[in-house]
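Chemist: Here's a structure for you.
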Amino acid sequence: MKYPLLETIQSPADLRRLPRTELKRLADELRDFVLQSVSQTGGHLSSNLGTVELTIALHYVFETPCDRLVWDVGHQTYPHKVLTGRRERMPSLRQLGGMSGFPRRDESEYDTFGTAHSSTSISAALGMALAAKQKGEERKAVAIIGDGAMTAGMAFEALNNAGDPHAVGSADVLVVLNDNDMSISPPVGALNKYFARLMSGRFYAVAREGAKQVLKAAPPLFELARRFEEHAKGMIVPATIFEEFGFNYVGPIDGHDLDSLIPTLENLRNLKGPQFLHIVTKKGYGYKLAEADPIAYHGPGKFNPAEGLKKAAAGGKPTFTQVFGQWLCDMAEQDERLVGITPAMREGSGMVEFEKRFPKRYHDVGIAEQHAVTFAAGMACEGLKPVVAIYSTFLQRAYDQLIHDVAIQNLPVVFALDRAGIVGADGATHMGAFDIAYLRCIPNLGVLTPADENECRQLLYTAFQQNHPTAVRYPRGAGAGVEVQQQMAALPFGKGEVRRTGQRIAFLAFGTLLYPALQAAEKLDATVANMRFVKPLDTALVEQLARTHDALVTIEEGCLMGGAGSAVAEALHAAGLTTPVLMLGLKDEFIEHGDPAKLLALQGLDAAGIERSVLQRFGGKLELVRPAANQ
């Protein structure tokens, strides 16, 4: 048995039966198990290696699942999954039909709240704590949130609500801030450990409250004592805003030291009201390669832990993210008005080189999508040309700002929407399924859908030339492998092109599904149009194809409801045309995690699926009769 202690743990109840002296050995086994598992499947690594001790301590101290643990983002929950009866499912992690890489309520009773977008944990945990209070149930609610997620306004909105006794009463909620962006030197760490245990203890809490009652009779003494306490704590711990929110702040303490974590959590578990524990951990802890480069090991694919990650071979097809990153740099060289904005996705959005070359024009605003969009609007008001690099799924978080602050004012902000369509292993929370539908209904906003790498570069350039807001959506990974031309040229705005001339059936493809559409068209002898724009839609091309073909087929990697196909149907209705339309796109369901190619095939959006759908709808011989009104 490679993991003799870990293999005895089938649930947190088994963990809580262990003597405390065994927990360090359990942490070593758990960390190695996570490393070996992720190296076989791919997934989030650095964040999970950093939360091994914290996970053990939380399940050891709290009576889970009765006590609620809410993991912010949830990409650090692999140790949690292993300790809650899912160890044997780890080989299926993030694979089709397998275990999710994030907490899911339908996967385990220990996953109390589904997460994957950041900064939701405090709100959810507060809701759970107050629900327990209203129902008369004795249970604790714990939110575990990272320092990055604390940059989002939603986290502070929840803190503000939780610490207000007039709004929520005295909610028994514990917020654990997992700070992994700093280190503690040994002497400071030792002092912090001592004072954290002291200040979280029942004696300190009772004495503090008792002293308050006595000193309130003499206001000058009470004020003096209050100031002394603040200054005394300020000499030992960082100045904190959290006590101003109404929380009892404890920390920072070493999040890898079980001898510090467990007593502190035990003390906090017994305190009433909102508590705040600040711990410090190291991403990639225990695996030297990940410690040295936690960004590279944030979400690796399969690799050999003994060798580490290997550099990608040169000469492969560029990804759309890389195409965007190169365009951003080239465009910045040409136009000094360009500024690049990202909500904490520098690497994911391909902006590393841009930051190096144009540091004064690069703005990482943290995990604050709402702020990112309005921040861009403010810059655009002053004559700059902001490019907001943001994942499709994350732009959903700034929808009001997109409408109210950008579109209504018709400001020239370019939204570069990475991860549009199916993203694969991250599952439903990260699928870029809805952007076409939620963007095309907004006045003033253009929606562009490049079909390949070169068209992505040219349409980004086209969008940048406009004097109104635009969004360019492109998928994760590489495209068809079309050579990217260095020369940038604006394409006719709102105009598509016919890529293949056939008969009877016309395919209207939006985005990268142009290429499977072309393959299916060869079998069916269909016409294929590369539409390029969802908005403004090339209505002239739509009407021309409708008048010269028996049926139209719209193809998009986005939700069908309200999508590009709906736009085509609306255009036909407005023109008084009754040509049948088959709309192909993502079904009305949340798409699970898995290999993108397999997921695309399951949605019927590969070449074979497109051909099959057309034959099922219009018959094998395609013997259609055009209505007289369309002659």
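Chemist: Assuming 0.36 nm per residue, please report the length gained on full extension of the stretch Lys356 to Lys495 beyond their Cα-Cα distance. Numbers along the way, then the final one.
Modeler: Numbers: separation 139, 0.36 × 139 = 50.04 nm, distance 3.58 nm.
My answer for the length gained is 46.5 nm.
Chemist: Once Cα Rg over 2.2 N^0.38 Å is worked out from the coordinates, which option in (i) 1.01; (ii) 1.09; (iii) 0.97 does it equal?
Modeler: After the calculation, the listed value that fits is (ii).
Chemist: Right, next: Classify the stretch 388-488: rounded, prolate or oblate, from the alpha-carbon gyration tensor (a ≥ b ≥ c, eigenvalue square roots; a/c under 1.5 rounded; otherwise prolate if a/b is larger than b/c)? Let's see the in-between values first.
Modeler: Working: a/c = 2.50, a/b = 1.13, b/c = 2.20.
Here the stretch 388-488 falls in the oblate category.
Chemist: 7 Å from Cα along Cα→Cβ at both Ala13 and Asp588: what's the point-to-point distance in nm?
Modeler: Distance between label points: 4.2 nm.
Chemist: Then there is this: Quick check: residue separation of His166 and Lys24 times 0.36 nm, minus the Cα distance between them. What number comes out in nm?
Modeler: Numbers: separation 142, 0.36 × 142 = 51.12 nm, distance 4.25 nm.
46.9 nm is the gain from fully extending His166 to Lys24.
Chemist: Okay, moving on. State the antiparallel share, in %, of DSSP beta bridges confined to the stretch 320-473, rounding to the nearest 5. Could the numbers behind the result be given before it?
Modeler: On the way: 1 of 20 bridges.
Around 5 percent antiparallel, to the nearest 5.
Chemist: Can you figure out the FRET efficiency of Gln616 with His468, using R₀ = 41 Å and their beta-carbon distance, to the nearest 0.05?
Modeler: Working: r = 41 Å, r/R0 = 0.99.
After rounding, the FRET efficiency stands at 0.50.
Chemist: Using a Förster radius of 41 Å, what is the FRET efficiency between Glu138 and Glu382 based on their Cβ-Cβ separation? Nearest 0.05, please. Please report the intermediate quantities before stating the final value.
Modeler: On the way: r = 55 Å, r/R0 = 1.35.
That pair, Glu138 with Glu382, gives E of 0.15.
Chemist: Moving on. With the contact rule set at Cα under 8 Å and sequence spacing of 6 or more, what percent relative contact order holds for the chain? Don't skip to the answer; put the middle values down first.
Modeler: Values: 1283 pairs, mean separation 68.9, N = 631.
RCO, the chain: 11 percent.
Chemist: Also, I was wondering about something else. Indicate, rounded to the nearest 5 percent, the antiparallel portion of the DSSP beta bridges found entirely in the stretch 497-630. Don't jump to the answer; show the numbers that get you there.
Modeler: Working: 3 of 18 bridges.
Bridges in the stretch 497-630 that DSSP calls antiparallel: roughly 15 percent.
Chemist: Let me ask another. Give a quick list of trypsin sites (Lys or Arg not before Pro) in the stretch 40-134 that DSSP marks as loop, anything other than H, G, I, E or B, with at most 15 other Cβ atoms within 10 Å. Before the final figure, lay out the partial values.
Modeler: Working: sites: Arg68, Lys81, Arg86, Arg87, Arg89, Arg94, Arg104, Arg105, Lys133; in loops: Arg94, Arg104, Arg105.
Filter output for the stretch 40-134: Arg105.
Chemist: Taking the Cα atoms only, what angle lies between the long axis of helix 121-135 and the longest principal axis of the chain, rounded to 10 degrees?
Modeler: 60 degrees
Chemist: Note the direction-averaged projected area, equal to a quarter of the hull surface, for the Cα convex hull of the stretch 497-630, in nm².
Modeler: Across all orientations, the stretch 497-630 yields a mean hull projection of 7.6 nm².
Chemist: Which of rounded, prolate, oblate describes the stretch 88-163, given a ≥ b ≥ c as roots of the alpha-carbon gyration tensor eigenvalues and a/c under 1.5 marking rounded, otherwise prolate only if a/b is larger than b/c?
Modeler: Details: a/c = 3.30, a/b = 1.46, b/c = 2.27.
Oblate shape, in that a/c is at least 1.5 and b/c is the bigger or equal ratio.
Chemist: Which residues does a label at Arg547 reach in the stretch 567-594, if reach means a backbone N under 19 Å from a point 7 Å past the Cα toward the Cβ?
Modeler: Backbone N within reach: 568-581.
Chemist: Classify the stretch 262-392 as rounded, prolate or oblate, taking a ≥ b ≥ c as the square roots of the eigenvalues of its Cα gyration tensor: rounded when a/c is under 1.5, otherwise prolate if a/b is larger than b/c and oblate if not. Please report the intermediate quantities before stating the final value.
Modeler: Values: a/c = 3.29, a/b = 1.33, b/c = 2.48.
Here the stretch 262-392 falls in the oblate category.
Chemist: Still on this structure: Quote the FRET efficiency, to the nearest 0.05, computed for Lys2 versus Gln322 with a Förster distance R0 of 60 Å and r equal to the Cβ-Cβ distance. Can you show the working numbers first?
Modeler: On the way: r = 39 Å, r/R0 = 0.65.
After rounding, the FRET efficiency stands at 0.95.
Chemist: Once you've got the Cα coordinates, tell me which of Lys24/Lys283; Lys283/Lys385; Lys283/Lys310; Lys288/Lys360; Lys317/Lys598 are over 24 Å apart.
Modeler: Values: Lys24/Lys283 18 Å; Lys283/Lys385 36 Å; Lys283/Lys310 20 Å; Lys288/Lys360 33 Å; Lys317/Lys598 20 Å.
Violating the 24 Å limit, Cα to Cα: Lys283/Lys385; Lys288/Lys360.
Chemist: Okay, next question. Could you pull out the trypsin sites (Lys or Arg not before Pro) across the stretch 431-504 that fall in loop regions by DSSP (anything but H, G, I, E, B) with no more than 16 other Cβ atoms inside 10 Å? Present the calculation step by step, with values, prior to reporting the outcome.
Modeler: On the way: sites: Arg440, Arg457, Arg473, Arg476, Lys495, Arg499, Arg500, Arg504; in loops: Arg476, Lys495, Arg504.
Sites meeting the loop and neighbour criteria: Lys495.
Chemist: On a 0 to 90 degree scale, rounded to 10, what angle separates helix 23-41 from the longest Cα axis of the chain?
Modeler: 10 degrees
Chemist: For the chain, give me the percentage of DSSP beta bridges that are antiparallel, rounded to the nearest 5 percent. Please report the intermediate quantities before stating the final value.
Modeler: Values: 8 of 63 bridges.
DSSP beta bridges in the chain are roughly 15 percent antiparallel.
Chemist: With axes computed from alpha carbons, what is the tilt in degrees of helix 539-548 against the longest principal axis of the chain, rounded to the nearest 10 within 0 to 90?
Modeler: Long axis of 539-548 versus the principal axis of the chain: about 50 degrees.
Read-outs throughout are calculated quantities, based only on the coordinates presented, and are distinct from any laboratory measurement. Keep in mind that what you see is a predicted model, and the values were worked out from it rather than measured. Counting neighbours? That spans all protein chains shown, and the Cβs are built from the backbone with ideal geometry, glycine included.
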